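First comes the structure, then the notes that go with it.
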Amino acid sequence: MEFWKKERLWQSVCAALGVVVILAACLIYSFKTYRDQIIEEQKEQLLTIAKAVSNSISIYTEFYFDDLQDLRRYEAFERAENAYLTQGLTTPLQRFLRERIELRQKDISDLLVTRIPEREEDDPLEVVARAKVNRDYVSDHHFMGTDKGGRVDILHDGEGRYYLGLSIPVMEDECRLWMVINIEEMYQKVGSYIRVGDNGYVMIKDSTGRILMHPVQEQIGIDVIEGREAMYPDFDYSDLQELINHQLEGREDVEIYHSYWWADEVPRRVLKIGAYTPVRFQDDFLIVCAVIDYDEIALPFGQAMVTVFLLSIVIVSFLMILLFRFWRLMQTRSLVEQENKRLREMNARQEELRRQEEQLYHDQRLQLMGSLTGGIAHEFNNLLTPIMGYSGMIMMGSEPGSDTYESAEEIYNAADRAKEIIRQIASFSRKHGGTPLKPLNIRKGVEGVLKMLETVIPPNVHLIVQGDWEEDSCILCGETELNQIMLNLCTNAFHAMKGKKGVLVIGGSILTGKQAESNFKASVHADAYMSLFIKDNGSGIPEDVVGRIFEPFFTTKPVGEGTGLGLSTVQNLVESLNGGIRVDSIQGKGTCFTIYIPLCSGNAELSRKKPRKKSALPKSAKRILLVEDEKKILKMFDRALKSAGYEVTATANPLEAEKLLKEKSFDVVVTDYSMPGMNGGQLAALIQKMGLGCRVIMITGLVEDQVLEYYRSHLIDTLLVKPLEIQTLIDAIERGGHSA
């Protein structure tokens, strides 16, 4: 019995020990997992800290590059620059720099102007003027900054202090304007205040491995490996060397490695966690590294595990509590993440709604502009019609070459040009101008646009013309279409070259159809093309955007600043002329747009119709009912048609015209479209319903869709577009048939 009791007791003890061991093993495993999780979170936090410092340095340098650009644009600096370039005087520069540094004493150590000529590697900068006392600066390393022409130098003086030198070219690239920033003071602003554990810190190196910012003054300026090997030759640098190799490749990562605490009097070997990220410039980078002692995270867990083995029973309870707290922590984190996700989705929906509202408002303004331009075009057409009509009548009644004829011809030509302009205004509305295209001499058309460009070209842009077209080469294109194409492309080029010294090149040549096939796609290519290119040295177009630049309403500008219709309009115009467009762009270097329009045969000078000499009266006078609410136009048409031998009944009221149709018989009804009480289409429908059998000629200022429907349904026989000369109306009356 005693044996069995002892055996049972032994079994119980073993079972209890087994449970304790299992529980202890589970707890140890849980602790190890938790420790690894904390270390991973600490890695993420370290990388976040390194990124924050990297962003601070980027913002810091960009701010001072902007400040340098502002200094260069001061009138006082331009005067000092001129005095130096023309007279070799440095005193104005010296005075300007001293005045400017008084406002920046807390931020920068010195302002310099140096010469650019080549010098030996270890020679000091050749200073032309400075803001403070004489101090020689030697550049150890340099690379291009984020600003075009900007440069970043790692400088040191004779006392072993290191500086960050930011500079831009000035004085026609003969000199550089510098801001010299003490690296130690810069470190105090961007990194020294960040505490990473008890011993951790943030340090900054250049791409050669030289330490630029470090909490230990003796470490600044030395090579991170070679400099330390010289100070402590017996130390093991294998892990550190591998880490530095990764950093010098421009990577962003977090690593655990063996190194030393360099702040100790005798550096001790420790295990560290280091997070690093590059600060990118144009052709180089700096390295930001945040470091923490690994034992600051791992050691408390080891001590806790020792306590676990001694207090296994307590550990079980503690484990349950810990697991419960851990579960609550994960649950809380999940709830927080869900709430954050909900808030992000809500914010995204609100932002999308705001963007759509802005776009809707923008579209409404464009629609309103289209309606307004249509109304303006209609009113101007009503004004131009009597001008062209009366001047045409005078020309028809005068001898060519006489003073009267030539004066009337000048009036007629001016009105014809105004007609083209009004047609272009009408193109902004949803109506059609209705004017056919005519042969246009390429040279004269481009020269006309260049004259307009001279009044709008920005002062920072230099224009170069390289046209190589034959004297008599013509394209089937209106002057206004060519104006709109070139002005839209030039305006985009001006915007791309804003804030820099730009060069705009306009040129072109004549190509065969075979040569054009490789430049743009078309179902059928013409025999010959005019090529016209507009090239700038601006910012260029990003590759991911090039494919969308011709989409309507697509723009990279903020809402309200750009309509997104410029390039879309250009493409539509070029394709309507059976041509094509090609774009070549390199981001940061510039963009070239090339348009291709087929050549046409014909004389551009003879393509414009002139009123003919008054001919004999019609063989048989025709009875005409003239309906026009504009009394000036009505009077002009009435006089002209009566002078041509027609029997004309004129009225300004379409309702009165209805009565006249019932009372009299007419061969032709000439009616305006837009009239109060009854429009021309309704009057034509009434004539058809009454079965009068007379032809209907409708005159309109803008060809709306409804007007075209009247024409297609044969309610009207002939459609004419204002402004028109009287001879065109007479031809339509005599021609008969269905025409427009």
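Please treat every number below as a calculation from the coordinates, not as lab data. Please read all numbers here as calculations on a predicted model, not as lab measurements. Neighbour counts are summed over all protein chains in view; Cβ atoms, including those assigned to glycine, are modelled from backbone coordinates with ideal geometry.
Each of K189 and S523 was given a label point 7 Å from its Cα along the Cα-to-Cβ line. The distance between the two points is 6.4 nm. The H on the amide N of S207, modeled in the peptide plane, is under 5 Å from the matching H of F285, each at least 5 residues off or on a different chain.
Taking the number of Cβ atoms within 10 Å of each Cβ as an exposure proxy, the fewest-first ranking of W327, W178, W262, W469 is W327, W262, W469, W178.
Using the count of nearby Cβ atoms within 10 Å as a rough guide to exposure, how do S531, S523 rank from fewest to most?
Going from sparsest to densest Cβ surroundings: S523, S531.
This model, with +1 at the C-beta of Lys and Arg and -1 at the C-beta of Asp and Glu, gives the range 458-597 a dipole about its Cα centre of some 640 debye.
In a fully extended conformation the segment linking A76 and T512 would gain 151.4 nm over its present Cα-Cα distance, using 0.36 nm per residue. Among S568, S238, the ranking by other beta carbons within 10 Å of each residue's beta carbon, starting with the fewest, stands as S238, S568.
Beyond 30 Å in Cα-Cα separation lie the following of the pairs K419/K521; K32/K272; K205/K535: K419/K521; K205/K535.
Couplings 3J(HN,Hα) of the range 576-588, computed from phi: 5, 8, 6, x, x, 9, 10, 10, 10, 9, 10, 4, x Hz, in residue order, whole Hz [Karplus 6.51 cos²θ - 1.76 cosθ + 1.60, θ = phi - 60°; x for Gly and Pro]. Taking amide hydrogens as placed 1.01 Å from N in the peptide plane, the amide H of S109 sits under 5 Å from those of V180, I181, N182, each at least 5 positions away in sequence or on another chain. Which value in nm describes the separation of the simple spin-label points at N413 and E255, placed 7 Å from the Cα toward the beta carbon? Between N413 and E255, the label points sit 8.0 nm apart. Once you divide the Cα radius of gyration of the range 439-600 by 2.2 N^0.38 Å, the number left is 1.00.
With Rh defined as the Kirkwood radius, the inverse of the mean 1/r over Cα pairs, the Rg/Rh of the range 35-310 is 1.06. Residue separation of F235 and T33 scaled by 0.36 nm, minus their Cα-Cα distance, works out to 69.5 nm of gained length.
Count charges around M698 for me, please; just the other residues with Cβ under 9 Å from its Cβ, Lys/Arg as +1, Asp/Glu as -1. Residues near M698 contribute -2 overall. For the range 35-310, relative contact order (Cα pairs under 8 Å, six or more residues apart, normalised by length) works out to 18 percent. Determine which residues of the range 146-186 fall in the zone a paramagnetic label at N460 would reach in this model, i.e. backbone nitrogen under 20 Å from the point 7 Å along Cα→Cβ. Flagged as within label range: 146-151, 167-178. The modelled label-to-label distance between D468 and A348, using points 7 Å beyond Cα along the C-beta direction, is 5.3 nm. Charged neighbours of I220, selected by a Cβ distance under 14 Å, balance to -4 (K, R count +1; D, E count -1). Our summary gives the range 623-735 a relative contact order of 23 percent, counting only alpha carbon pairs under 8 angstrom and 6 or more residues apart.
Based on the Cβ-Cβ distance from R548 to E242, what FRET efficiency comes out when R0 is 45 Å, to the nearest 0.05? If you can, show how the numbers build up before the last one.
Values: r = 45 Å, r/R0 = 1.00.
The value I calculate is 0.50.
The HN-Hα couplings worked out from phi for the range 702-718 by the Karplus form 6.51 cos²θ - 1.76 cosθ + 1.60 (θ = phi - 60°) are 9, 7, 7, 4, 5, 5, 4, 5, 4, 5, 5, 7, 6, 5, 10, 8, 9 Hz, whole numbers, x standing for Gly and Pro. Please give the net charge around R735, taking every other residue with its beta carbon less than 12 angstrom from that of R735, where Lys and Arg add +1 and Asp and Glu add -1. Charge balance in the 12 Å sphere: -2.
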